[in-house]
Amino acid sequence: MDSGKIFDHSHFFNHEIEESKNLIRAYFSPKELEGKNVLDAGCRIGYNSEAFLKEGCRYVKGVDLSAKCIQEAQKLYKKKNIEFSLGNITKLMYQDSEFDIVFCVGTLPYLHQQDLEKALKEFLRVIKPGGILLLSFQKEKNILIRMATFLANHLPLGFYFKIIHFAAYLLYPFSKTLIGRQVSVNYIKYDVLLSLRGLHYGTPYAIPVHYRIKTAETEYSSEKMSTTYKIKINERKDCFWF
């Protein structure tokens, strides 16, 4: 499955910039951000990339598989120190040790194990010794969510997109009960229903548990949904088990 096509429909959907800034502040101190070079891996339309700049980073490069998301990001954020490129995180086009921070939230769960290891190795290649990797994965879900995921992966994408358009409005009044907080219709449509397509659950064995941190509680993330890792890269870059 071409994972990039999953989010082609969401190129017009943007998170609030304040929510992205809150997410970044939850994971990084001002000192960790000031003057740093960042890779936003799986950037969608660039809201987190823009937030990194506003929080003091020197430049940000975003990469995504969705051509429509990249086109929208390039329209929204026209600055000298922000750049968006179409690409695959399993084969990055960047130089060795180019970034101080590699930020990958909401993307890795769409990779199969073999591609996941390729992406992690690429992150290690492009990050500087002493840099920080911030990664997130979907936690195991209950049987109802797994059934919904099965349907999402076996229905034609166009047909599934029509279904979730109506389902999002039906679920909206119950979002606080179902998700744990009140969210928008667009959040239900894209970040919940559409994002089930191609999704894998659980954390890869390759990441030692001592890197785990508490997932930020924002409109778009929570400890209930995700497992998050913050990894300080040593000189040998030997933080994974492979």
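The numbers here are math on the coordinates, done by the rules we state, and not lab data. Only a predicted model underlies this, so the values are computations on that prediction, with no experimental measurement involved. We place every Cβ from the backbone using ideal geometry, glycine too, and count neighbours over all the protein chains shown.
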Taking Rh as the Kirkwood radius computed over alpha-carbon pairs of the chain and applying Stokes-Einstein at 4 °C with viscosity 1.567 mPa s, one gets a diffusion coefficient in µm² s⁻¹ of 71 µm²/s
Descending packing, highest mean Cβ count within 10 Å first, for 183-193, 150-160, 36-46 is 36-46, 183-193, 150-160
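List the trypsin sites (Lys or Arg not before Pro) in region 73-173 that DSSP assigns to loop (not H, G, I, E or B) and whose Cβ has at most 13 other Cβ atoms within 10 Å. Which are they?
Sparse-neighbourhood loop trypsin sites (Lys or Arg not before Pro): LYS78, LYS79, LYS80, LYS91.
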Cα convex hull volume per residue for region 143-196, in Å³, equals 67 Å³
Too long for a 28 Å Cα-Cα cut-off, among LYS75/LYS232; LYS68/LYS189; LYS139/LYS237; LYS36/LYS79; LYS68/LYS176, are LYS75/LYS232; LYS68/LYS176
Once the in-chain neighbours fewer than 8 apart are removed, the aspartates and glutamates whose Cα is under 19 Å from LYS121 read ASP40, ASP64, ASP96, GLU98, ASP100, GLU235, ASP238
Normalised per residue, the volume inside the convex hull of the alpha-carbon atoms of region 43-105 in Å³ amounts to 85 Å³
